[in-house]
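To start, the structure under review is shown below, and the notes come after it.
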Amino acid sequence: MNKTLLALPLCLVACFLLAAKSRADETKPSANDALTIKLAKAIERLGEQGSYRWTSEAAVPEETRFRPGPETGATVQGGVIHATLSFGPRSTQIVIDGDKAAVSNHDGRWETVSLSDQGYGSEGFAASIARGIDTPAAEAKELAAELISLEAGGDALVGTLSVNNAKNRLDTPRRGESVRDTKGTIRFWIIDGVLTKYVLRVEGTVGDDDRRRTSWRQTTVEVKDIGAAKLDLPRGATEALKRPLPKRAPRLSDAQEAALLKLRGKRDVGVHDPSSIVKCGDEYWFFSTGTGVSSWRSKDLQTWQRGPQVFPEIPNWVTDVVPGQRGHFWAPDVIQMGDRYLLYYSVSSFGKNTSAIALAWTPTLNPEDPEFGWTDHGVVIQSSSEDDFNAIDPAVIRTESGEFWMSLGSFWSGLKLIQLDPQSGKRIADDKPVRSIASYRQIEAPQIYQHDGWFYLFVNWGKCCSGVDSTYNIRVGRSRKITGPYLDKDGDDLAKGGGTLLLGSEGPFIGPGHANIFRDGDRYLLSCHYYDGTERGRSKLSIQELTWSEEGWPLVARAPDLEQASNPTDQVPTEWIDPKTGHRVVRLSKQAGSASLYFHQNAYSPEGDKLLVSTPRGLETVDLDTRELKVVVPRQSYRMGGSSGVEMGRKSRYVYYSTRSREGTVVRATHIDTGKTREIVTLPRGSSFNGVNADETLLFGLMQEFRRDRERLRKLFTVEIDSGKLETFHPSRDWLNHLQCSPTDPNFGLFCHEGSWHELDRVWTIRFGSDEPKLMHKRQQKYEIAGHEFFSADGQWVWYDLQTPRADQFWLAGVHVKTGERIGYRLAREEWSVHYNISRDGKLIAGDGGGPESVANQTPLPEKRRLKPSRNGQWIYLFRPDSEFNAGTLSGEQAKLGTVTAEKLVDLSTHDYDLEPNVTFTPDGKWIVFRSNMHGERHVYMVSAKRVAKPNEVDPTTSQSKTESDSGKRRLVLIGDSTVKNGRGRGDDGMFGWGQLIDKHFDSEKLEVENRALGGRSSRTYLTEGLWQKSLDRLREGDFVMMQFGHNDGGKMFEGDRPRASIKGNSDESIDGVVEATGNPETVHSFGWYLRKCIADAKAKGAIPIVLSQVPRDRWQDGRVIRSDKDYGLWAREAAKQSGALFIDLNEIVSRRYEELGEAKVGRDLFTGGSILRADQTPEVGPFYTPISSGWRIG
C-alpha cells in the first residue's frame, strides 16, 4: 500500500483538529501539536478497526430529575450499529444500518424508521433517539474538535473544552434558568496507538438570579473487543430492517407549529382529562386526573396556577371498592348546584372495569375562604367484572328544565346515562335503568351539552394515554331528548357506531380528548387535553373557541391543510380557477409571509406596471405583466403594514419608506428600477411617516409628545421632500390614525379618530398646515359606526364603511370633498366587507368579506351576540353599482341611495380573518389584489374581475374550467416584443402592438387569444428570463403559439445594462461568457436556435407553433420599405422550415401594405417616432392586423 496515501487521512484529521483549535478563543493556550496528532491518529485507528464494543455510563447529581441509565453498543465493518439505551427501568434497543434504523418499543415490538424522519409520531420520536447514537470513534472525533488545549496527564491525554462547548454539553436547565461558570475536561486513554477510553466531565452553576446550584455530568466511555466484535442482532430487528421505510410524517416549521397550537388554544399547563370549567367569584376553575384529584385556577382563562389537592388522604372506602387503588383518581367533573360545588371523580385501575364514580362537595372553591373544604360523599355508581360497562369518566348536566343527569363509561358496551337527584347528587334510585347512549370499539369520555333546543353528546373515539401515538378524536351527535337517540350529521345513531368528527389530530396537536363546553359571556369555549408533538407527547390543556353552524352543529376553527403547510411555498398553488366562482386566482408572492399593502396605501407605480409588496426578503415589486419579483429595498426594520411606513409615489417611480435609527425615524426613497436611494429626513423619535402627497413634494405623518401629566399630545406634520423642512399642525389629544394623502390634491389629506367606533366621529379631512379639520360624517344614532375610510382615485370622494347601527344596516357611503354630496350603497349583511376599494374608473367596487368574529355576524350593540346561523360571507367580493339612485336620507343627511350587484370572486372559507385581506384594484381594473392565509401561510394573490368559467364547472384535478378543458375551445398564445404588445397592453402613450388587436378577428367562442409578449425582449431574453416557460405552461394540446422576435436581437451580448443579443443566423453555434450586469455565466445561442427550441417545446405539448418574420420598421429606401429578408426574416423562415413549423412572412405582408399607403402617410398617420401602431387607428387601416386577417384565419 502506498504510504503517502495512507498518511493523507491522518494529516487531514490532524489539520482539522488544529484548525478547530485555532478558531477557538485566541487568548487560550495552544495545544501541543504532537499530542494533537497523536490523538487524531488514535481516533482514526479506532475507526479503522470497524468492529468493537463499548459501554457508556453517565453520573449526575442525586437531585437531577432525569437520570440516564447505562448505554451499551457494538459496531462492525460496514457501519451497522447495535446499541441499548436505558431509561429508568426500561431499555430501548436500536439497530442502525445506513439511513434506516430498527427501534424496539416498550412492548417488545420493533419499528422501522428513517433517521431523517422529523415527524410527530412514534416513528419520528424513535428516529430522534437513533440520531443521538454515536460510535465512540465518531463522538471522540467531535469532542477533539472542541478542545482549546491538550496536554499529557499521567497515563492519559487531558483536554479542555471551550466555555460554550462545555455549556452545550451540560443538562438543559429548567425554564427561566441559565447556565453559568461552565468548564469541561476530557481525558483520553490510548493503548497501542488506539483510543480505548475517554471520560468527559462538564460542570457549572444553574439557576436564576436569586438561587443557583452546582450541576455536573460525567460520562465514561470504554471500548472493548477492538477488531473482534460480532453482532448477534435480535430477530425482530433483522425483520424490521428488511421492511421498506414508512412514509415520512410531515413536519411543520416552528412558526407553523406555533400558529397551529395557538389556533388550538394551547395553554402551558400539563394536565390530563380536564373537567368542565366553572367560576367561583372572579376565578375560573377546573379539575383533572391526579393524585387526590388536581385542581387549577385562573383569572383570565389564559394563565393557570395549580390549586389545592382535593383529597390529601385517600377516602376510607376506596381500597374496599377498588383493591390496589392508591389515590390516583381519574377524569373528574364539576358543577355548581345552588350553594355547593359538586365534584364527581373516577376510582379505577387501568384495563379493568372494577370501578366507581364518587361524589365530594364544597361550599366554595376558594381555598382562602373560611368556608372552603371538601367533604366526600362516597360512591354514586360502581361496576365490576360482572357488568358490561365501566363506571368511569363522569360528566354531569343540569338541564334547562331542572333535571340532573350523568353520562359515563369507557369501552366495554359503551357509554351510559343515569339520572341524579339534584339535592343529594346521588342516583334517584339504584333500580332505575342505566341507559345506553353510544357505542364504538374504542369509546369513552362523554359530555352532554344543551344548546338551542338540542342535547349534544360529545364522545372520544380511539386510544388515549400513548403520547404521540394516541389516536383520540372527539365526535358528536345530537338529540331533542337527553335520553336519545343521538344522531350524527349523516343520521347515524351513536349507539350503533355513529359520530361526526369535531376535532382530531393535526400536526403537533395530537389525540384531543375529554371535551367540555363552557359559555363565557357571548362566546363558547371547548376545553380538552391533547398530546403535544413539540414536547415529546406531553399532555397539555387546550381551550379554543367553539361556534355553531347554520344547521346548529358545533364547529372549531379550521386549520390549514398540514400536508401543504409542511412545504408551504411548493404546495400553495400558483394559479387556479376558483371552482365556486369561475374566477382566476394567481399567487404573486414566492415566499410565505409576504403581504400586500393596506387597502388605502398606494402600492402601484405611476405607469401601473409594478405592484409593491412586502416579503421576507424586503420590499419587492411585482411586474404585473410577467409576475416577476424584484427586491428594491432589502429587508430591514422599516415600518410596514397598517397605515404607516411605506407608500409608492404617484408621480415618480420612487418608493418611500421609513427605518429606525438611534436618532429617530429615517425616511428614505428608493427608485424601483435603478435602486438609487436618497435620505429625505430624520424625524424625532416617536414619529411615523404615513404617506407621500400627489406631486411628491411633501411627506405626511404623525408626531407624538408625552407631557408631564402623562397625556399624549399628537400633531400632524408635513415634510418638504426637497428641503427636509418640517411643519406641524392640528395638535390633538385624540388618537389620530390612518393618515393618507389625496391622490390628486397635493395639499389635502384624510385621517381618522381611533377608538371605540360607536362612541366617536371617525372620518376627517384636513388641508395641510391647517388646524381646522373637517368632519366628513357625523353619527346620528346610538351605536352608529363609520370607518375604514379611503379616497376615490380622482380624489373627489371619501368613501367609508357605514353601519346604522352597528351590525344591523350596512352601507358603503361616500361624500364629495368639495360639494358635500352624499351617496350610499346598501349592502346585504352576508355581502358586507371589512374593507372596500374602488376601481380607478369608479365603475367597480371590491370587498374582502368578513370572518366569524366580524360585526356582520353579530347582533347590534349592546347585545352583541353571535348569529346562529352565521350571516357573514368569507369571500372576496366584486360589486357593480346600479346606475339609478333614489333620493333619501342617510345618517340625517340628504343622499342618493343606490344598490349594488354582488359577485363572489374567491372562496375564503379556509382564511383566518385575523389577517385582513385588504383588497385593491390593479390600475387597469382587471384584477383585485389581496393577501390571504387560505393555504396556511400568508401570501399575496390577485383574482380576475372577469369570470373565466361558469361556477361549479371547474375540473378540481386541473383547476381548469370544463369549458377550457372539455369544450374544444383553443388558445392562441402570442410571444414576442413590444411590436406584439406595447407596455401593459392598454395603449400606453397612445401606442399598440399588433397582438393587442388581433383578437377582434377571431371568433371568441372558438379561440381565446392570450398575449404574453413583453417589450424589450429578444429571442434570447424571453427564454432566459423564464417568460417562455410561463407561456409554455399555458399551452395545451391543439393550442397555437405565434412567435415574432428580431427587433431586439442585435446589440451587446454580455456587456452593458441590456445584454440581449443572440448570435446572428440559424446555426448551432454558441458562445460562453459572463454577463457584466449580473456576473452570471451564460451560453448564448443563435437567433434561429432560440426559435427552434420554442418550436420543439410547443410541439412536445401538442401545440401548433407559428413563426412570424418581424413586422417592419418605418424605414424606406427608394420608395420601398426596407425588408428583413436577408437577416432576421430569413433566419425565422429557415428555423420554421427546419423544425416543421408554420411560417407567416409578416415582414413582407406589412411592407407591401405600407407601400400601398405611401411613405408620407405611414410616417405621419401610423407611427409615433418608432415602429409601434398609434392607438387612434381603426382596424380597417391598421397595418398589422388587416393583412393577417385577410390572409390567414383560425377556427
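The values are calculated or read from the model by the stated rules, or taken from the named source; none is laboratory data. Note that the structure is a prediction, hence the values are computed from the model and not measured. Cβ atoms come from the backbone with ideal geometry, glycine included; neighbour counts cover every protein chain shown.
Annotations for the structure displayed:
- Put simply, of Gly1016, Gly1050 the only residue that is in a loop (DSSP other than H, G, I, E, B) and on the phi > 0 side of the Ramachandran plot is Gly1016.
- Meets criteria (at pLDDT below 85 and in a strand (DSSP E or B)) for Val113: yes
- Single condition Gln1110 does not satisfy, out of (1) surrounded by fewer than 21 Cβ atoms within 10 Å (Cβ to Cβ); (2) assigned to a loop (DSSP other than H, G, I, E, B): (1)
- In the range 1019-1040, the residues that are surrounded by 15 or more Cβ atoms within 10 Å (Cβ to Cβ) and either in a helix (DSSP H, G or I) or not assigned by TED's automatic domain parsing to the domain that holds Ser978 (or both): Ser1019, Arg1020, Thr1021, Tyr1022, Leu1023, Thr1024, Leu1027, Trp1028, Lys1030, Ser1031, Leu1032
- Only one entry in Ala887, Ala846 is touching a residue at least 60 places away in the same chain (Cβ under 8 Å), in a strand (DSSP E or B) and either aromatic (Phe, Trp, Tyr) or more than 21 Å from Thr765 (Cβ to Cβ) (or both), namely Ala846.
- Condition met for Leu878 (hydrophobic (A, V, I, L, M, F, W, C) and part of a loop (DSSP other than H, G, I, E, B)): no
- Qualifying residues in the range 644-660 (those that are surrounded by fewer than 24 Cβ atoms within 10 Å (Cβ to Cβ) and more than 17 Å from Ser605 (Cα to Cα)) - the one modelled with the highest pLDDT: Thr659
- Sole exception among (1) surrounded by 20 or more Cβ atoms within 10 Å (Cβ to Cβ); (2) under 20 Å from Pro446 (Cβ atoms); (3) at pLDDT 90 or above for Lys540, by number: (2)
- Residue pairs meeting the criteria (Cβ under 9 Å; at least 6 apart or on separate chains; first more than 16 Å from Arg1020 (Cβ to Cβ), in the range 1094-1105; second assigned to a helix (DSSP H, G or I) and among the β-branched types (Val, Ile, Thr)): Pro1105/Ile1095
- The range 683-699 residues that are in a strand (DSSP E or B), paired with ones that are surrounded by fewer than 19 Cβ atoms within 10 Å (Cβ to Cβ) and of a type in the set (Lys, Arg) (beta carbon under 7 Å, 6 or more apart): Ser688/Arg639
- Of all residues making up the range 493-515, the number that are over 25 Å from the mean Cα position of the chain (by Cα) and either more than 20 Å from Phe411 (Cβ to Cβ) or among the aromatic types (Phe, Trp, Tyr) (or both): 1
- Positions within the range 438-480 being in contact (Cβ under 8 Å) with a residue 60 or more places away in the chain, assigned to a strand (DSSP E or B) and of a type in the set (Ser, Thr, Tyr), in sequence order: Tyr449, Tyr456
- Scanning the range 800-829 for residues that are more than 18 Å from Val855 (Cβ to Cβ), out of contact with any His (no Cβ under 9 Å at 6 or more places or on another chain) and part of a strand (DSSP E or B) gives Gly814, His816.
- Residue check, Ala895 in a strand (DSSP E or B) and touching a helix residue (DSSP H, G or I) at 6+ places or on another chain (Cβ under 7 Å): no
- The listed residue being more than 30 Å from Arg558 (Cα to Cα), assigned to a strand (DSSP E or B), at pLDDT 60 or above and of a type in the set (Lys, Arg), out of Arg971, Arg931: Arg971
- Number of the condition not met by Ala495 [criteria: (1) surrounded by 23 or more Cβ atoms within 10 Å (Cβ to Cβ); (2) assigned to a helix (DSSP H, G or I)]: (1)
- Filter result (among the hydroxyl-bearing types (Ser, Thr, Tyr) and farther than 19 Å from Pro951 by Cβ) within the range 894-913: Thr899, Tyr913
- For Gly1088, the stated conditions hold: it is assigned to a helix (DSSP H, G or I) and over 40 Å from the mean Cα position of the chain (by Cα).
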